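Heads up: the structure comes next, in structure tokens.
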Amino acid sequence: MATPFSPMLDALTRQRGVTAALVVSERDGIVVESNLQIGQDGDRVAALAASLYRKARLAARAAGMGAVSFMQLEAPGGRLCAVGGGALVLVVVAEASVNVGLVRVELLKAIEGLSAAGGEG
Amino acid sequence: MQMAVVEAWIEAPLKHFVSETGAELALLLHPSGQVLAQHGFARAVDVMSACALAAGIHASSGELGKLLDGRPFRGLHHVGRERQIFLAEALWPRGTYIFLTVFGSESSLGLVRLYFDELVAALVAAAPKEVAPATPALAEHFERDLNRNLAVLFGRA
């Protein structure tokens, strides 16, 4: 069933190297909608990524740096990118070789749609 | 905040849960209301009240689930203004237990659910292999057992 989030998740997972895209509630860490590959544990990624994003946002605010626009986690096996839109966080899991610039552009483009689709909180 | 357990093998899994989720309170109890472990409570009377309420909520939500869905509801999440509660069944070879936790804005339901699943798996792995025969929580023994467990948790044993 198509939801307001489906087009942006489809656009993200079409990027080369992107293996998962999720819309997650920032406060609850619960998946709102996701595009996952078989075997990926969306609930686990969502809970931990939302927690990480929330803490990054609070840390940035505490340091007087303003709002977090884009968060990237780099690990040997891949990357995790996230942007926030109101009460929701858009999370992308990608291979290490992904073009982060393109993913970042897509995420920032999607954030407007995310807010319009109900992310304002 | 102090953590206290009636049986030592419960402590490590519960400590892991509390440290990973940042839960303010945690309580593991038998459906009869007898406490097995607690974290964050300062007074025995608060543990006793929380156990009684948790057992009551578990029993009533179980019956409600049977009415609506043909089987008991196994988890409950309630959001307050500043804190949230999560109450769920923990199943392991010794039988069914109830887990209650209270968490604030530092944590989230997703994290609590994630580490609750890990807690149950860790308890199953850590539980003594010999399974005690299931004995009903008889009213005549209930208060004695409850008081014994509270005394162990609050250092009066």
- Note on the structure: (1) modelled with pLDDT under 90; (2) buried (at least 20 other Cβ atoms within 10 Å of the Cβ); (3) within 27 Å of A:SER51 (Cα to Cα) all hold for B:ARG74 apart from (2)
- Message: With in a strand (DSSP E or B) and surrounded by fewer than 15 Cβ atoms within 10 Å (Cβ to Cβ) as the only criterion, which of A:GLU33, A:GLU74 stands out?
- Response: A:GLU74
- Message: Please determine whether any residue of the stretch B:121-135 is modelled with pLDDT of 90 or more and polar (S, T, N, Q).
- Response: no
- Query: Condition test on A:VAL103, is it surrounded by 22 or more Cβ atoms within 10 Å (Cβ to Cβ), within 14 Å of another protein chain (Cβ to nearest Cβ), touching a residue at least 40 places away in the same chain (Cβ under 8 Å) and not acidic (Asp, Glu)?
  - Reply: no
- Query: So how many residues does the stretch B:21-45 have that are crowded, with 17+ Cβ neighbours inside 10 Å and either basic (Lys, Arg) or in a helix (DSSP H, G or I) (or both)?
  - Reply: 2
- Pairs under 7 Å by beta carbon, first residue within 11 Å of chain B (Cβ to nearest Cβ) in the stretch A:22-38, partner basic (Lys, Arg), six or more apart or different chains? A:GLU26/A:ARG54
- Note on the structure: Sole miss for A:PHE5 among (1) away from chain B (no Cβ under 14 Å); (2) surrounded by fewer than 16 Cβ atoms within 10 Å (Cβ to Cβ) is condition (2)
- Do we have A:ALA67 as more than 25 Å from A:ASP41 (Cα to Cα), part of a helix (DSSP H, G or I) and aliphatic (A, V, I, L, M) here? no
- Message: Anything in the stretch B:99-108 that is within 14 Å of chain A (Cβ to nearest Cβ) and surrounded by 21 or more Cβ atoms within 10 Å (Cβ to Cβ)? List them, or say none.
- Response: B:PHE103, B:SER107, B:SER108
- Does the stretch A:57-65 contain at least one residue that is within 11 Å of chain B (Cβ to nearest Cβ), more than 11 Å from the chain's Cα centre (by Cα), surrounded by 12 or more Cβ atoms within 10 Å (Cβ to Cβ) and within 27 Å of B:GLY80 (Cβ to Cβ)? yes
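The values are calculated or read from the model by the stated rules, or taken from the named source; none is laboratory data. No experiment lies behind these values; they were computed from the predicted model shown. Note that we place each Cβ from the backbone using ideal geometry, even for glycine, and neighbour counts take in every protein chain shown.
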